[in-house]
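Student: Please read through the structure below; I'll follow up with questions.
Where a number appears in this text, it was derived from the coordinates with a stated rule and is not lab data. As the structure is a prediction and not an experimental result, all values here were calculated from the model. So basically every Cβ, Gly included, is an ideal-geometry build from the backbone, and we count neighbours across all protein chains shown.
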Amino acid sequence: MIKHVGQILNEDGEWEEYVEEVEADKPPIAYTYMGSEACPIEPESEVVDFCMQYRIPKIEGLEECKTLKVSFLSYFVNRFRVLQKLGLRKNLVKKIENIEHCTELVELELYDNRITKIENLEPLSKLIILDLAFNAIKEVTPGCLDSLVNLKKLYLSANKIKKIQGLDKL
């Protein structure tokens, strides 16, 4: 047996210690891809939350989670169910990409990944919460957040930020 010991943030925002025992002959962690059988995405989902155990390396498979064009009759059946929250905390995501169809997102959690640059957020004008804490972001460049006119909470702690520019429009 091999013991993995570390710390994790609990729901109250406090650090807790955790211990995980795994067998030594267990194969290495395999990647899981969004939209695969192991990680299915329902087009009608309001929330997609794949946290930690999936080890997702790339944002993908969200093309069908876009604003639905709904007729008057289907409005009462559907109630405009579209993706509003995307949670990919503690994965292996390196780049913010493939989210251009998710124009109704109000919350995007990419906490604790491997993101190095804030980019491709232009279509997300309804975003209220953006969590990019615990990544590898080095700078906030002018214009990268300009389209986020409804943004109320921006989390950038525990990055490697040396330069912040362009936050005057927020």
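Student: Using the Cα gyration tensor of segment 108-170, with a ≥ b ≥ c the square roots of its eigenvalues, what is the shape: rounded (a/c below 1.5), prolate (a/b larger than b/c) or oblate (neither)? Spell out each step's value before the answer.
Tutor: On the way: a/c = 1.79, a/b = 1.29, b/c = 1.38.
Oblate, since a/c reaches 1.5 and b/c is not below a/b.
Student: Using a simple spin-label model with points 7 Å from Cα along the Cα→Cβ vector, what separation in nm is obtained for K58 and S157?
Tutor: 3.3 nm
Student: Please check which bits of segment 99-125 a label hung off Q165 would reach, taking the label as a point 7 Å along Cα-to-C-beta and the cut-off as backbone N under 15 Å.
Tutor: The answer is 118.
Student: Net charge within 11 Å of I161 by Cβ-Cβ distance, Lys/Arg positive one each and Asp/Glu negative one each, not counting I161 itself? Mind showing how you got there, number by number?
Tutor: On the way: positive: K138, K160, K162, K163; negative: E139.
Value of the local net charge: +3.
Student: How far is it, in nm, from the label point at D49 to the one at L92 when both lie 7 Å from their Cα along the line to the Cβ?
Tutor: Reported label-point gap for D49 and L92 is 2.4 nm.
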